[in-house]
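**Q** Input: one structure, supplied below.
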Amino acid sequence: MTDEQRYVFDLKGYLLIPEVLTLDEVATLKTQIQTIREDPESLPSHERGLPGGAASMLIDHPVVMDILSEIIGEVRMESSWFTHREKGQGGPPPHGGTRNVNPNFNYQCVNGKIYSALTRVVFELNE
């Protein structure tokens, strides 16, 4: 994690990292998600939900893991899902940091080390 990424995360509570996935990886993931939505029975049972099938590459993606290791140390994945939106349909903006009321979802930066009880990773598959 770079000093700039640490600063932005501390300032905003999130990072945007463009082009983490290749165009081929994005296409493969979009195909899997579309198939799950439209014809899940055509997939083996272990690929009908995330993070199975092609999506399993996201579990320990090296770029993401480097940053997560820096932010939270030991990493544990508790859930995984996808959200489908049609073109023009908005979604929630990035959020986080110290603006939350519940302290379980806040993070702290002490002596240059980030502590975070809840950190979410989102892969946006559209431009």
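**Q** Spin-label point model (7 Å from Cα, Cβ direction): what's the Leu11 to Ser42 distance in nm?
**A** 4.6 nm
**Q** Accessible area of Ser42, 1.4 Å probe, to the nearest 10 Å²?
**A** That residue has around 70 Å² of solvent-accessible surface.
**Q** How much mean residue ellipticity at 222 nm does the chain get from its helices, if each DSSP H run of length 4 or more adds -39500 (n - 2.57) and you divide by all residues, to the nearest 500 deg cm²/dmol? Don't skip to the end; give the middle numbers.
**A** Details: 3 runs with 37 residues, N = 127.
Estimated from H runs of four or more residues: -9000 deg cm²/dmol.
**Q** Hey, which lysines would be in cross-link range of Lys87, C-alpha to C-alpha under 19 Å, not counting anything within fewer than 8 residues on its own chain?
**A** The qualifying lysines are Lys30.
**Q** If you build a Gaussian network model of the chain, linking Cα atoms that sit under 10 Å apart, which residue out of Val26, Val110, Val75 swings the most?
**A** Val110
**Q** Compute the acute angle (0 to 90°) between the alpha-carbon long axis of helix 23-38 and the principal axis of greatest extent of the alpha-carbon atoms of the chain; round to the nearest 10°.
**A** 60 degrees
**Q** Assuming 0.36 nm per residue, please report the length gained on full extension of the stretch Glu19 to Gln89 beyond their Cα-Cα distance.
**A** Numbers: separation 70, 0.36 × 70 = 25.20 nm, distance 2.21 nm.
Computed gain between Glu19 and Gln89 is 23.0 nm.
**Q** Let me ask another. Take Arg76, Arg6 and sort them by solvent-accessible surface of the protein heavy atoms, 1.4 Å probe, largest at the top. Can you show the working numbers first?
**A** On the way: Arg76 180, Arg6 55 Å².
Final ranking, largest accessible area leading: Arg76, Arg6.
**Q** In Å³ and rounded to a whole number, note down the convex hull volume per residue for the Cα atoms of the chain.
**A** With only Cα atoms used, the chain gives 130 Å³ per residue.
**Q** Here's something else I'd like to know. When all C-alpha to C-alpha distances in region 27-73 are sorted into bins of 5 Å, what percent of pairs does each bin hold, rounded to whole numbers?
**A** 5, 22, 24, 16, 11, 11, 8, 3
**Q** Same structure again: Leaving out ligands, DNA and RNA, what percent of the accessible area of the chain is carbon and sulfur, probe 1.4 Å? Numbers along the way, then the final one.
**A** Numbers: 4880 of 9440 Å².
Here it works out to 52 percent.
The values are calculated or read from the model by the stated rules, or taken from the named source; none is laboratory data. All of these numbers come straight from a predicted model, not from anything done at the bench. So basically every Cβ, Gly included, is an ideal-geometry build from the backbone, and we count neighbours across all protein chains shown. Surface accessibility is based on the protein's heavy atoms, side chains included, excluding ligands, DNA and RNA. Shrake-Rupley method; radii C 1.70, N 1.55, O 1.52, S 1.80 Å.
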